[in-house]
Amino acid sequence: CHVWVMSADYVEIANDMDSIEDIISNHSSLQGKTVTKISRESLLAQLWAGYGTIHSFSVTFDDKTTLPLVIKRVDPPADGDNSISHLRKLKSYVVEANFYTHIAPILLRGLGQSSVGDIVSTVPLPYSIIHNYQDDDNDDDDDDNANEQMNYYSSPQPPSFQFILSDLSTHYSSSYGSLNPTQTFGALSWLAKFHSTFYQHPLVVTNNDGGGDDKKKKKNKSEFEVVLWPNGGYWHLKTRLDELQSISCSSRNRWSCFHPQKGQLASIIDDRMNHNITKTQSYTLVHGDYKKDNILFSHDDDEDDDNGGVSSKNPTGGRRCKCAVVDFQYCGGGYGAKDIVMLIVSSVSRNTLNSMGGEDGVLSYYYQEFVKYYHLNQNQNQQEKKAKNENEKDAESSSTLPSLESVKKQYELCLLDYVRFMAGWGFWGSNVDYAERRAWSILQQLLSKTKTDDRNDNKKAISVEEVSKVNSSVWKEAIYNRYPLDEF
């Protein structure tokens with residue numbers, strides 16, 4: 001796959017025959033073809049907060065074949081401020097451009113690590129990425145500063161982007177309403193393939209040698225931290241400080257414990273999730289915005305109702321559902337459970353979750369799929385090494401898979417982190433009641449180790465007011481006792 005990438009003043013591509021022909025001539029799979037017609041554009045969507053549009057169009061060639069495409073134009077407001085919100089949106093498009101430039105080829109060409117199954121056909125194929133942003137490569141960046149993480153544009157004008165990608169809707173369709181079991185199992189299977197492809201991948205694991213002339217390597221950053229979000233997910237704490245301050249401090253608010261004026265629980269959870277040790281143990285690449293709006297499903301599943309069957313590979317039997325995924329603006333490093341949390345909370349109803357065996361059923365299915373695809377990846381890598389007559393070197397390079405119990409605990413941490421964001425931004429999703437109930441239960445379990453009923457030594461529920469008064473030292477002890485660093 002050849003992706004045509006250039007940095008230039010923003011230009012409109014669609015309906016510009018010369019530009020389209022340049023793109024086609026630079027794409028290996030389309031060389032030798034001549035463009036004879038470019039269709040009119042059809043509006044598909046407006047980008048969030050008026051930052052641009054997405055249109056569909058098609059290109060017809062001299063051999064009568066047609067190529068359906070989408071064009072995503074990003075034109076941030078010229079009068080945009082320097083708020084965290086604005087800078088976060090700008091960087092999200094930088095990340096998306098970098099995903100298609102640097103990461104998509106790994107999936108589409110098997111560079112660095114081979115992909116397994118049909119994952120390569122379930123992400124948009126990039127044909128062209130045009131932008132006018134520049135990375136000032138400031139060596140004094142401080143990753144602990146949210147503004148520094150996002151504000152690295154040397155141009156005085158907001159950067160503009162233009163993506164031309166394959167149109168997946170010709171083979172997949174969108175979902176309306178909550179996902180049914182068939183779709184949910186399919187979405188989990190896609191995640192397992194994606195996460196296993198990048199699990200402890202050399203581009204994810206931090207480079208600790210500090211060698212070379214590259215200033216970023218000297219700062220011990222992984223390649224993903226350079227081109228994507230160091231911490232994947234659109235709700236990452238350091239990019240959501242406004243929402244954190246919006247959480248009510250009232251002792252009657254059960255989520256006041258997340259507010260920075262209380263017990264520093266939000267920061268403690270964030271520190272535990274992003275501890276350097278965990279990056280080498282359990283990190284992978286996460287999508288970062290894994291909801292039904294960004295997942296397409298095979299047309300074969302269109303006739304299923306909410307109680308439809310699931311794949312024959314799924315625990316309950318039935319038809320297979322194939323998925324494709326779009327929108328990689330918040331892609332970055334992290335626990336794969338981040339994506340599972342968002343999928344379940346935002347897009348899966350309580351009835352569907354219960355029919356799949358609840359949280360344990362979902363995580364068990366994801367885990368078995370993850371292990372399966374991980375070993376398929378490993379076997380394929382070994383075969384490629386043998387084909388290249390490469391000697392097997394350090395055995396320590398083999399990754400150690402987390403246990404199912406570790407994945408369940410990672411899920412708990414990620415759920416608490418996601419609820420922290422919603423507590424300040426607003427609660428939403430098909431299964432938001434489950435998220436609030438489950439997160440509150442986890443907080444109770446955390447504190448039950450330190451507080452019991454003095455009269456009979458039996459555990460009892462801790463009131464909202466008591467939770468709001470817990471100090472940072474108690475929270476830290478509770479978090480690290482339940483989620484020890486030597487476990488994951």
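The values are calculated or read from the model by the stated rules, or taken from the named source; none is laboratory data. No experiment lies behind these values; they were computed from the predicted model shown. So basically every Cβ, Gly included, is an ideal-geometry build from the backbone, and we count neighbours across all protein chains shown. For accessibility, only protein heavy atoms count, side chains too; no ligands or nucleic acids. Shrake-Rupley method; radii C 1.70, N 1.55, O 1.52, S 1.80 Å.
May I ask you to list the residues in the stretch 256-278 that are out of contact with any strand residue (DSSP E or B) (no Cβ under 9 Å at 6 or more places or on another chain), open to solvent by 10 Å² or more (accessible area, probe 1.4 Å) and under 23 Å from Ala337 (Cβ atoms)?
Of everything in the stretch 256-278, those that are out of contact with any strand residue (DSSP E or B) (no Cβ under 9 Å at 6 or more places or on another chain), open to solvent by 10 Å² or more (accessible area, probe 1.4 Å) and under 23 Å from Ala337 (Cβ atoms) turn out to be Gln264, Ser267, Ile268, Asp271, His275, Asn276, Ile277.
Ser175 - would you say it is open to solvent by 10 Å² or more (accessible area, probe 1.4 Å), out of contact with any Ser or Thr (no Cβ under 7 Å at 6 or more places or on another chain), closer than 20 Å to Val70 by Cβ and modelled with pLDDT under 90? Lay out the reasoning, then the answer.
Values: open to solvent by 10 Å² or more (accessible area, probe 1.4 Å): yes; out of contact with any Ser or Thr (no Cβ under 7 Å at 6 or more places or on another chain): yes; closer than 20 Å to Val70 by Cβ: yes; modelled with pLDDT under 90: yes.
So Ser175 fits the description; yes.
Suppose we filter Ile54, Ile23, Ile13 for residues that are at pLDDT 90 or above and in contact with a strand residue (DSSP E or B) (Cβ under 8 Å, 6 or more places away or on another chain); which single one remains? Steps first, please.
Values: Ile23 fails: at pLDDT 90 or above; Ile13 fails: at pLDDT 90 or above.
It is Ile54.
Which condition does Tyr480 not pass, out of (1) over 19 Å from Val341 (Cα atoms); (2) touching an Asp or Glu at 6+ places or on another chain (Cβ under 8 Å); (3) at pLDDT 95 or above, if it passes all the others?
The one condition Tyr480 does not meet is (2).
Please go through the stretch 71-87 and give me each residue that is part of a loop (DSSP other than H, G, I, E, B), open to solvent by less than 40 Å² (accessible area, probe 1.4 Å) and at pLDDT 85 or above, ordered by number.
Answer for the stretch 71-87, where residues must be part of a loop (DSSP other than H, G, I, E, B), open to solvent by less than 40 Å² (accessible area, probe 1.4 Å) and at pLDDT 85 or above: just Pro76.
I'm told Leu203 meets every condition in (1) open to solvent by 40 Å² or more (accessible area, probe 1.4 Å); (2) at pLDDT below 80; (3) not in a loop (DSSP other than H, G, I, E, B) except one. Can you identify the failing condition by its number?
(3)
So which residues in the stretch 352-369 are open to solvent by less than 30 Å² (accessible area, probe 1.4 Å), of a type outside the set (D, E, K, R), in contact (Cβ under 8 Å) with a residue 40 or more places away in the chain and part of a helix (DSSP H, G or I), if there are any at all?
Correct list: Thr352, Leu353, Gly361, Val362, Leu363, Tyr365, Tyr366.
Exactly one condition in (1) part of a loop (DSSP other than H, G, I, E, B); (2) at pLDDT 75 or above is not met by His195; state its number.
Going through (1) part of a loop (DSSP other than H, G, I, E, B); (2) at pLDDT 75 or above one by one, His195 breaks only (1).
Tell me whether the stretch 338-351 contains one or more residues that are assigned to a helix (DSSP H, G or I), open to solvent by 20 Å² or more (accessible area, probe 1.4 Å) and in contact (Cβ under 8 Å) with a residue 40 or more places away in the chain. Quick ask: steps written out before the conclusion?
Taking the stretch 338-351 as the starting set, the residues that turn out to be assigned to a helix (DSSP H, G or I) are 338-347, 350-351.
Filter once more, keeping what is open to solvent by 20 Å² or more (accessible area, probe 1.4 Å): 350-351.
Add one more test, that the residue is in contact (Cβ under 8 Å) with a residue 40 or more places away in the chain, and what stays is 350-351.
Looking for residues that are assigned to a helix (DSSP H, G or I), open to solvent by 20 Å² or more (accessible area, probe 1.4 Å) and in contact (Cβ under 8 Å) with a residue 40 or more places away in the chain, one finds at least one in the stretch 338-351, hence yes.
Kindly check whether there is at least one residue in the stretch 259-268 that is at positive phi and at pLDDT below 90.
No, because not a single residue in the stretch 259-268 is at positive phi and at pLDDT below 90.
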